[in-house]
């Protein structure tokens, strides 16, 4: 049983708890996720089962799409509604000001991760330091926000959709928006709706998921080019021996044998093809 499973994670459940539930339901030992969701967050959680875990890295760099809700006027130590309030304001920014500052996050920027995050400092997650009152500030990291749209501002609530790069903390965007507006802010809801070509609309509730819902490894790479290689080259490919190819440079390519068996992913460098990951 190998493949990817698209789960609609409910709010209140950690990504690891979702993994453990799927292990039990499917009776498999090897399950991993393609990008964690905080317990508060809901929506698309892509899980890799058994041999599919070897291909997880190819999706970790992919962009992600979310639906977000932010509350203005109050900041918390976790930058979301699960934390303790550390600042409150009666200042009410104008809608056009909120809109302008929110849209200013589009493009490339440097972002400081939240104090409560799974990023590590000296081998220990930041949230463990923060829970005991030690707030470790990590260096800003480059992020890209491709698009912010569907903005709806009602009173002190701001809802919108966002498409962003790997490593973007939506909680940090909420925090920084509050700082820009001088009124404080924190994230109150987050739902992931897309990652790579995986969509929330295709996801299943954990209790309803079956083997028939698995996306095969081959299907997961449906949008990249493919080639068919000879019997002799199939042996070389499987054994990690590079061989001549007409293309000069390809990062990822699906490779099939003469009898149309999917072998895995290959790469071409300077007219030589070799495997990157076998099925």
Sequence gap at least 6, Cα distance under 8 Å: using those rules, report the relative contact order of the chain to the nearest whole percent.
22
Between residue 241 and residue 223, 0.36 nm times their residue separation minus their Cα-Cα distance comes to what?
3.9 nm
One quarter of the C-alpha convex hull surface, i.e. the mean projected area of the chain in nm², amounts to 17.3
For the stretch 1-99, the spread of Cα positions along each principal axis, largest first, Å
55, 25, 18
Computed [θ] at 222 nm, helices only, for the chain once each DSSP H run of length n ≥ 4 contributes -39500 (n - 2.57):
-5000 deg cm²/dmol
Report the calculated FRET efficiency for residue 147 and residue 260 (r = Cβ-Cβ distance, R0 = 45 Å), to the nearest 0.05.
0.70
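Using the Kirkwood formula over every pair of different C-alpha atoms, what hydrodynamic radius in Å results for the stretch 224-278? Each step should come with its number before you reach the end.
Details: mean 1/r = 0.0941 Å⁻¹.
Answer for the stretch 224-278: a Kirkwood hydrodynamic radius of 10.6 Å.
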Each label point is 7 Å from the Cα along the Cα-to-Cβ direction; what then is the distance between the points at residue 212 and residue 135, in nm?
5.2
For helix 15-26, what angle does its Cα long axis make with the longest principal axis of the chain, in degrees from 0 to 90 and rounded to 10?
40
Least to most buried among 88, 71, by other C-beta atoms within 10 Å and fewest first, runs 88, 71
Added length on full extension, which subtracts the Cα-Cα distance from 0.36 nm per residue, residue 120 to residue 24:
31.7 nm
How far apart, in nm, are the 7 Å Cα→Cβ label points at residue 61 and residue 155?
4.5
So what's the angle, to the nearest 10 degrees on a 0 to 90 scale, between helix 170-181 and the longest Cα principal axis of the chain?
30
Distance in nm between label sites at residue 202 and residue 272, each 7 Å beyond Cα in the beta-carbon direction?
3.6
What number results when the radius of gyration of the stretch 140-187, computed over Cα atoms, is divided by 2.2 N^0.38 Å?
1.18
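Every read-out reported here was derived from the displayed coordinates using simple, explicitly stated rules and does not represent laboratory data. All values derive from a computational prediction rather than experimental measurement. For neighbour counting, all protein chains shown are included, and Cβ atoms are generated from backbone atoms with ideal geometry for every residue, glycine included.
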